[in-house]
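Engineer: Questions regarding the structure given below will be posed in turn.
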2 protein chains.
Amino acid sequence: MRSAIVIDPTSATAIHVQIYESWRKGILAGRFRRGERMPSTRELSASLGVARGTVAQAYEQLLAEGYLQTQRGAGTFVCGELPDTLGQPLRVSPTISTASMDFRLSKYAERLDEDFRYAPQPAGFILFSRWVPDTDAFPVALWRKSMARALHAPASTLLNYARDPQGYEPLRQEVAAYLSRSRAVQCTAEQVVILNGSQQALDFCARLLAEPGDSVAFENPGYLGTRRIFTACGLQLQPARVDEEGIVIGDLHKQSRLVYVTPSHQYPTGVAMSLQRRLELLAWARKHRAVIIEDDYDSEYRYSGPPLPALQGMANDAPVVYCGSFSKVMFPSLRIGYVVLPPQLVTPFNRAKWIADRHTPIVEQIALTDFLSEGHLERHIRRMRKLYGKRRQVLVDALQKQFDEDVQIYGDAAGMHVMARFDDKAVYARALRNKVQIVNASDLYLGKAPGNEYLFGFSSVSERVIREGIKRLAK
Amino acid sequence: MRSAIVIDPTSATAIHVQIYESWRKGILAGRFRRGERMPSTRELSASLGVARGTVAQAYEQLLAEGYLQTQRGAGTFVCGELPDTLGQPLRVSPTISTASMDFRLSKYAERLDEDFRYAPQPAGFILFSRWVPDTDAFPVALWRKSMARALHAPASTLLNYARDPQGYEPLRQEVAAYLSRSRAVQCTAEQVVILNGSQQALDFCARLLAEPGDSVAFENPGYLGTRRIFTACGLQLQPARVDEEGIVIGDLHKQSRLVYVTPSHQYPTGVAMSLQRRLELLAWARKHRAVIIEDDYDSEYRYSGPPLPALQGMANDAPVVYCGSFSKVMFPSLRIGYVVLPPQLVTPFNRAKWIADRHTPIVEQIALTDFLSEGHLERHIRRMRKLYGKRRQVLVDALQKQFDEDVQIYGDAAGMHVMARFDDKAVYARALRNKVQIVNASDLYLGKAPGNEYLFGFSSVSERVIREGIKRLAK
């Protein structure tokens with residue numbers, strides 16, 4: 001019998017209890033098969049280096065409790081019928097004494113945000129608090145087909161480490177072509193690195209392009225998710241105002257190594273950065289050797305006017321890291337995003353990816369390539385643009401109908417949410433009372449917020465529920 | 001026609017050339033469909049704010065080159081037959097002027113290892129240089145079945161963010177039961193965090209449990225992969241010798257915050273840490289408030305003697321982070337590993353996972369749960385233990401036959417490689433000359449290496465090729 005029992009002579013627990021516990025847990029956990037022969041007390045006492053009587057004491061207890069049985073002349077065996085959980089794997093009860101352990105966590109660990117789980121949806125509430133895609137409208141059957149096809153790639157492709165951390169080459173080709181087509185991004189597949197969502201992209205930017213303590217210019221108000229990443233990495237957020245043309249260049253400090261912007265659809269205000277401002281920003285970054293992080297998080301959903309070209313594509317030598325994600329245009333659990341990099345940064349990002357987790361899983365990358373090359377993604381985006389566009393219109397109409405001149409609406413030209421400023425100071429309290437969840441934009445400001453601004457996510461709320469929600473808000 | 005063209009008035013390039021280039025690239029990239037109507041020169045000049053003659057100059061060039069065609073009275077259209085790449089998405093040529101960009105990389109970026117790609121396999125070589133699973137022997141059909149089944153999980157599970165970064169709960173249950181059964185790890189599913197391979201686990205340990213500049217005790221010789229992670233994170237490696245009982249406790253410095261060990265099968269020497277040494281190590285870590293990182297990278301493949309219980313399971317309050325991976329027992333591209341944590345560390349790891357990449361992809365986690373609960377994994381491990389056990393025997397026999405008393409073999413009780421020390425100093429040169437790739441263990445030492453020690457990975461080499469390789473080595 002293969003034994004895996006270990007005795008700790010320094011423990012306060014008596015040796016025979018330790019032996020008893022080891023066997024009992026081992027039997028319950030299925031490490032020893034029913035009917036298997038136990039070592040004799042003589043054998044075990046010799047191998048553990050303890051007195052034979054001590055082993056016998058443990059065996060007696062196990063026999064008494066029905067874990068073991070004896071057969072005359074043949075020895076001792078694991079019982080065929082187990083007393084407790086009958087072959088269920090052992091759920092060790094959490095009897096761990098934790099008092100003696102206090103771990104010294106790093107500063108990074110201490111800076112990590114406490115809020116790492118989605119709060120459960122409060123019952124009966126209408127939720128304008130999310131801007132996630134409506135996954136009910138996603139063509140999951142087509143995706144399953146692409147995945148099934150990907151699973152029939154050669155076993156050597158499916159099973160072995162990817163040769164390269166940068167990502168599946170045909171996917172990088174598809175992404176480069178898609179971005180060139182739809183976003184006027186200028187790049188080749190060699191500049192694309194596939195990552196686990198734009199979350200990982202932003203973490204890499206913080207780790208690779210700045211030192212803890214360095215200053216990073218940040219749109220104010222701005223995206224909380226990015227703020228949390230930068231803060232965890234020890235970067236100092238340097239707020240820069242956002243006016244009707246985008247980030248205010250005069251607010252940038254020359255020591256900032258990074259400038260984080262959302263030029264196509266500023267989060268949360270929805271401002272599209274003007275051409276003039278873009279040129280100024282590029283010039284500023286060149287002058288101060290800063291890197292611009294362009295987070296193009298939801299600009300595929302643009303409802304009026306021409307598609308805005310990406311900042312990245314405006315100049316051949318733009319010092320821009322362009323971050324994109326398939327979470328919004330496909331679905332969140334896919335965990336695939338990408339960066340488009342200046343050629344000099346490709347190697348550092350590859351190294352970081354290799355050391356962080358080798359590479360993004362292959363099957364999803366192959367399936368996504370298929371989904372893109374079959375044109376499914378662009379068809380889906382067109383359908384969603386219509387669906388979300390209608391919901392947006394219903395939301396804007398409802399807000400204007402209920403609040404008339406007491407509301408100003410911002411950022412409704414694109415995206416999955418709008419920002420609204422109310423004259424009425426009681427809106428938030430009334431929302432809570434009437435079971436409507438909206439997001440207070442004050443949390444997105446560094447420093448003092450103007451107040452009374454709220455975000456309304458409409459992408460995953462039906463038209464009927466949107467109308468009902470705004471009605472409740474006005475009551 | 002949706003236009004995405006942008007003019008940079010500050011550019012050295014003439015405006016009409018910029019317009020020409022924008023349209024040309026846009027047409028080639030497929031942003032504008034063939035036969036689509038162009039805006040008139042009057043419309044475009046108004047919307048861009050440039051002289052009409054400038055636009056006309058660009059149009060003439062495009063007409064001349066066959067990108068556009070005119071129809072009398074109807075206007076100007078994108079040509080049906082494109083001159084250059086006929087509808088292929090544009091591969092922008094890398095004309096980016098990089099001279100003006102020099103990026104300031106972080107110290108982290110500078111510390112990242114240069115070696116981030118698998119070197120191409122040299123032709124005609126016999127490779128003992130890898131200890132990866134033999135993926136030809138993996139039951140890929142069963143895995144495809146588990147994946148196909150997982151793909152039919154409800155769309156809401158497949159598509160939405162996981163509610164919790166910790167990992168799919170049924171998988172954590174399976175992992176806890178498997179580890180309790182096979183490795184005597186003491187844990188509940190609540191202590192398991194699913195990560196993207198043990199690579200991510202070690203990166204998190206470095207980020208969460210130590211500060212850049214902190215000392216970490218490291219087995220010498222030790223695993224280069226971990227050394228690279230710790231070095232990149234700025235940790236100071238403090239080498240500790242390995243004797244026949246494992247890491248030498250007397251070599252540990254009391255200021256080390258982490259102790260990285262491979263107790264079941266020390267890498268690369270193959271030493272199994274003795275019971276006495278384990279107890280001493282636990283006591284040392286408690287006394288100095290250090291955390292032990294137990295990397296149990298390949299102990300499933302143990303060829304003789306009883307399975308060794310994990311260090312983690314030896315004491316209820318062990319200050320141990322147990323790291324495991326499915327790369328060796330399943331296949332490398334799966335990118336799923338896990339940590340088993342003291343309860344106090346679960347929240348910090350969850351927060352780190354959430355901010356690093358939200359969660360590990362769902363489909364693979366569901367499929368792996370299925371694969372485990374169906375018993376496929378443990379059957380596969382048993383089969384592989386036989387297969388690898390035979391290859392190991394063939395390797396050891398061949399080495400002993402060819403080198404007799406001039407070779408000492410270490411670590412052949414477990415794992416996917418052995419270490420061999422040769423008296424003959426010309427072995428490595430001969431290996432290269434005779435096209436045999438082996439790994440020089442000197443690279444795994446911090447400081448001076450004894451020399452003439454080499455590693456032989458046997459898991460993915462057939463018995464015939466193993467014999468041939470060792471024959472070549474002795475020639």
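Engineer: Would you mind telling me which numbered condition in (1) of a type in the set (Val, Ile, Thr); (2) over 29 Å from A:Tyr108 (Cα atoms); (3) more than 8 Å from every other protein chain (Cβ to nearest Cβ) A:Thr262 fails?
Structural biologist: Every condition holds for A:Thr262 apart from (2).
Engineer: Filter segment B:430-448 down to residues that are of a type in the set (Gly, Ala, Ser) and under 13 Å from B:Pro268 (Cα atoms) and give me whichever is surrounded by the fewest Cβ atoms within 10 Å (Cβ to Cβ). Break it down into steps so the answer makes sense when it comes.
Structural biologist: Going through segment B:430-448, the residues of a type in the set (Gly, Ala, Ser) turn out to be B:431, B:441-442, B:447.
Right, trim to under 13 Å from B:Pro268 (Cα atoms) and you get B:441-442.
Values: B:Ala441: 21, B:Ser442: 15.
Among those that are of a type in the set (Gly, Ala, Ser) and under 13 Å from B:Pro268 (Cα atoms), it is B:Ser442.
Engineer: Further question on the same structure: In this structure, does B:Ala148 turn out to be surrounded by 14 or more Cβ atoms within 10 Å (Cβ to Cβ), within 10 Å of chain A (Cβ to nearest Cβ) and more than 30 Å from B:Asp443 (Cβ to Cβ)? Outline the logic, then answer.
Structural biologist: Working: surrounded by 14 or more Cβ atoms within 10 Å (Cβ to Cβ): yes; within 10 Å of chain A (Cβ to nearest Cβ): yes; more than 30 Å from B:Asp443 (Cβ to Cβ): yes.
The answer is yes for B:Ala148.
Engineer: Next question. Report whether or not A:Asp317 is open to solvent by 10 Å² or more (accessible area, probe 1.4 Å), facing chain B (nearest Cβ under 10 Å) and of a type in the set (Asp, Glu). I'd like the intermediate steps shown before the answer.
Structural biologist: Values: open to solvent by 10 Å² or more (accessible area, probe 1.4 Å): yes; facing chain B (nearest Cβ under 10 Å): yes; of a type in the set (Asp, Glu): yes.
The answer is yes for A:Asp317.
Engineer: Follow-up. Based on this model, can you work out whether B:Leu195 counts as closer than 30 Å to B:Arg111 by Cβ, at pLDDT 95 or above, facing chain A (nearest Cβ under 10 Å) and open to solvent by less than 10 Å² (accessible area, probe 1.4 Å)?
Structural biologist: Values: closer than 30 Å to B:Arg111 by Cβ: yes; at pLDDT 95 or above: yes; facing chain A (nearest Cβ under 10 Å): yes; open to solvent by less than 10 Å² (accessible area, probe 1.4 Å): yes.
Here the answer is yes, as B:Leu195 does meet what is asked.
Engineer: Step by step: first the residues of segment B:333-358, then only those that are part of a loop (DSSP other than H, G, I, E, B) and more than 7 Å from chain A (Cβ to nearest Cβ), then the one that is nearest to the chain's Cα centre (by Cα). Which residue is that? Give the derivation first.
Structural biologist: Here is the first cut: in segment B:333-358, the ones part of a loop (DSSP other than H, G, I, E, B) are B:335-336, B:341-342, B:358.
Keeping just the survivors that are more than 7 Å from chain A (Cβ to nearest Cβ) gives B:336, B:341.
Working: B:Ile336: 10, B:Leu341: 22 Å.
Residue satisfying both the conditions and the ranking: B:Ile336.
Engineer: Looking only at residues in segment A:359-398 that are away from chain B (no Cβ under 12 Å) and farther than 30 Å from A:Asp412 by Cα, which one is most open to solvent (accessible area, probe 1.4 Å)? Steps first, answer last, please.
Structural biologist: First, the residues of segment A:359-398 that are away from chain B (no Cβ under 12 Å): A:369-371, A:374, A:376-377, A:379-398.
Next cut, farther than 30 Å from A:Asp412 by Cα only: A:369-370, A:374.
On the way: A:Thr369: 17, A:Asp370: 30, A:Glu374: 85 Å².
Among those residues, the one meeting the criterion is A:Glu374.
Engineer: Need the failing condition index for B:Leu179 against (1) open to solvent by less than 10 Å² (accessible area, probe 1.4 Å); (2) farther than 30 Å from B:Ser460 by Cβ, just the number.
Structural biologist: With respect to (1) open to solvent by less than 10 Å² (accessible area, probe 1.4 Å); (2) farther than 30 Å from B:Ser460 by Cβ, B:Leu179 is out only on (2).
Engineer: Among the listed residues B:Ala148, B:Ala137, B:Ala206, B:Ala232, identify the single one that is among the aliphatic types (A, V, I, L, M) and over 24 Å from the mean Cα position of the chain (by Cα). Walk me through it before giving the result.
Structural biologist: Numbers: B:Ala137 fails: over 24 Å from the mean Cα position of the chain (by Cα); B:Ala206 fails: over 24 Å from the mean Cα position of the chain (by Cα); B:Ala232 fails: over 24 Å from the mean Cα position of the chain (by Cα).
The conditions single out B:Ala148.
Engineer: Does B:Asp113 qualify as being surrounded by 15 or more Cβ atoms within 10 Å (Cβ to Cβ), at the interface with chain A (Cβ under 10 Å from one of its Cβ atoms), within 19 Å of A:His359 (Cβ to Cβ) and among the acidic types (Asp, Glu)? Steps first, answer last, please.
Structural biologist: Details: surrounded by 15 or more Cβ atoms within 10 Å (Cβ to Cβ): yes; at the interface with chain A (Cβ under 10 Å from one of its Cβ atoms): yes; within 19 Å of A:His359 (Cβ to Cβ): yes; among the acidic types (Asp, Glu): yes.
Yes.
Engineer: Is one or more of the residues making up segment A:96-107 in a helix (DSSP H, G or I), at pLDDT 80 or above, small (Gly, Ala, Ser) and open to solvent by less than 20 Å² (accessible area, probe 1.4 Å)?
Structural biologist: So the first thing to find is which residues in segment A:96-107 are in a helix (DSSP H, G or I), and the list is A:107.
Applying the additional criterion that residues be at pLDDT 80 or above yields A:107.
Among the residues that remain, those that are also small (Gly, Ala, Ser) are: none.
No, that holds for no residue.
Engineer: If the Cβ limit is 9 Å and pairs must be 6+ apart or interchain, which residue in segment B:362-373 that is touching a residue at least 60 places away in the same chain (Cβ under 8 Å) and within 14 Å of B:Pro154 (Cα to Cα) pairs with which residue that is small (Gly, Ala, Ser) and open to solvent by 10 Å² or more (accessible area, probe 1.4 Å)?
Structural biologist: B:Ile362/B:Ala153; B:Ile362/B:Ala162; B:Val363/B:Ala153; B:Ile366/B:Ala153; B:Ala367/B:Ala148
Engineer: With respect to B:Asp412, is the statement that it is at pLDDT below 95, touching a helix residue (DSSP H, G or I) at 6+ places or on another chain (Cβ under 7 Å) and surrounded by 15 or more Cβ atoms within 10 Å (Cβ to Cβ) true?
Structural biologist: Numbers: at pLDDT below 95: yes; touching a helix residue (DSSP H, G or I) at 6+ places or on another chain (Cβ under 7 Å): yes; surrounded by 15 or more Cβ atoms within 10 Å (Cβ to Cβ): yes.
Yes; evaluated as a whole, the condition is true for this residue.
Engineer: For A:Ser256, all conditions in the list (1) open to solvent by less than 20 Å² (accessible area, probe 1.4 Å); (2) touching a Ser or Thr at 6+ places or on another chain (Cβ under 9 Å); (3) in a helix (DSSP H, G or I) hold save one; what is the number of the exception?
Structural biologist: Among (1) open to solvent by less than 20 Å² (accessible area, probe 1.4 Å); (2) touching a Ser or Thr at 6+ places or on another chain (Cβ under 9 Å); (3) in a helix (DSSP H, G or I), the lone unmet condition for A:Ser256 is (3).
Engineer: Restricting attention to segment B:259-285, which residues are over 18 Å from B:Ser215 (Cβ atoms) and outside any loop (DSSP other than H, G, I, E, B)? Before the answer, list the steps.
Structural biologist: Narrowing segment B:259-285 to residues over 18 Å from B:Ser215 (Cβ atoms): B:262-280, B:282-283.
Once the filter is applied, which keeps residues that are over 18 Å from B:Ser215 (Cβ atoms) and outside any loop (DSSP other than H, G, I, E, B), segment B:259-285 yields B:Leu275, B:Gln276, B:Arg277, B:Arg278, B:Leu279, B:Glu280, B:Leu282, B:Ala283.
Engineer: Can you list residue pairs whose Cβ atoms sit under 7 Å apart, with the first residue in segment B:385-403 being in a helix (DSSP H, G or I) and the second being modelled with pLDDT of 95 or more and open to solvent by 80 Å² or more (accessible area, probe 1.4 Å)? Count only pairs 6 or more apart in sequence or on different chains.
Structural biologist: Every condition considered, the pairs that remain are B:Val394/B:Arg467; B:Ala398/B:Arg467; B:Gln402/B:Lys471.
Engineer: Still on this model: Sort out which residues of segment B:328-380 are closer than 22 Å to B:Arg149 by Cβ and of a type in the set (Asp, Glu), and write them in order of number. Can you show your working first?
Structural biologist: So the first thing to find is which residues in segment B:328-380 are closer than 22 Å to B:Arg149 by Cβ, and the list is B:329-331, B:333-336, B:338, B:359-380.
If the condition is that a residue be closer than 22 Å to B:Arg149 by Cβ and of a type in the set (Asp, Glu), then B:Glu364, B:Asp370, B:Glu374, B:Glu378 are the ones that fit.
Engineer: Could you list, ordered by first residue, the pairs with Cβ atoms under 9 Å in which the first is in segment B:53-67 and closer than 12 Å to B:Arg42 by Cβ and at pLDDT 75 or above and the second is open to solvent by less than 20 Å² (accessible area, probe 1.4 Å) and small (Gly, Ala, Ser), at least 6 apart or interchain?
Structural biologist: Pairs found: B:Gly53/B:Ser45; B:Val55/B:Ser45; B:Ala56/B:Ser45.
Engineer: Also, quick follow-up: Could you list, in sequence order, the residues of segment A:272-308 that are surrounded by fewer than 23 Cβ atoms within 10 Å (Cβ to Cβ), touching a residue at least 40 places away in the same chain (Cβ under 8 Å) and at the interface with another protein chain (Cβ under 10 Å from one of its Cβ atoms)?
Structural biologist: A:Arg302, A:Gly305, A:Pro307, A:Leu308
Engineer: If you scan segment A:417-426, which residues turn out to be aliphatic (A, V, I, L, M) and at pLDDT below 95?
Structural biologist: Let us first name the residues in segment A:417-426 that are aliphatic (A, V, I, L, M), namely A:418-420, A:426.
Hit for segment A:417-426 is A:Ala426, nothing else.
Engineer: Which condition number in (1) over 20 Å from the mean Cα position of the chain (by Cα); (2) closer than 24 Å to A:Val436 by Cβ; (3) in contact (Cβ under 8 Å) with a residue 24 or more places away in the chain is the one that A:Asp406 fails?
Structural biologist: (3)
Engineer: Across segment A:198-207, what is the total count of residues that are facing chain B (nearest Cβ under 9 Å) and open to solvent by 10 Å² or more (accessible area, probe 1.4 Å)?
Structural biologist: So the answer is 2.
Engineer: State whether the residues of segment B:213-225 include one that is more than 9 Å from chain A (Cβ to nearest Cβ), at pLDDT below 95 and closer than 16 Å to B:Gly447 by Cα.
Structural biologist: Checking segment B:213-225: at least one residue is more than 9 Å from chain A (Cβ to nearest Cβ), at pLDDT below 95 and closer than 16 Å to B:Gly447 by Cα.
Engineer: (1) open to solvent by 50 Å² or more (accessible area, probe 1.4 Å); (2) within 8 Å of chain B (Cβ to nearest Cβ); (3) touching a Ser or Thr at 6+ places or on another chain (Cβ under 9 Å): which one isn't true of A:Tyr118, the others all being true?
Structural biologist: That leaves (3) as the condition not met.
The values are calculated or read from the model by the stated rules, or taken from the named source; none is laboratory data. This is a predicted model, so every value here is computed, not measured. For neighbour counting, all protein chains shown are included, and Cβ atoms are generated from backbone atoms with ideal geometry for every residue, glycine included. These area figures cover heavy atoms from the full protein model, side chains too; ligands, DNA and RNA do not enter into them. Shrake-Rupley method; radii C 1.70, N 1.55, O 1.52, S 1.80 Å.
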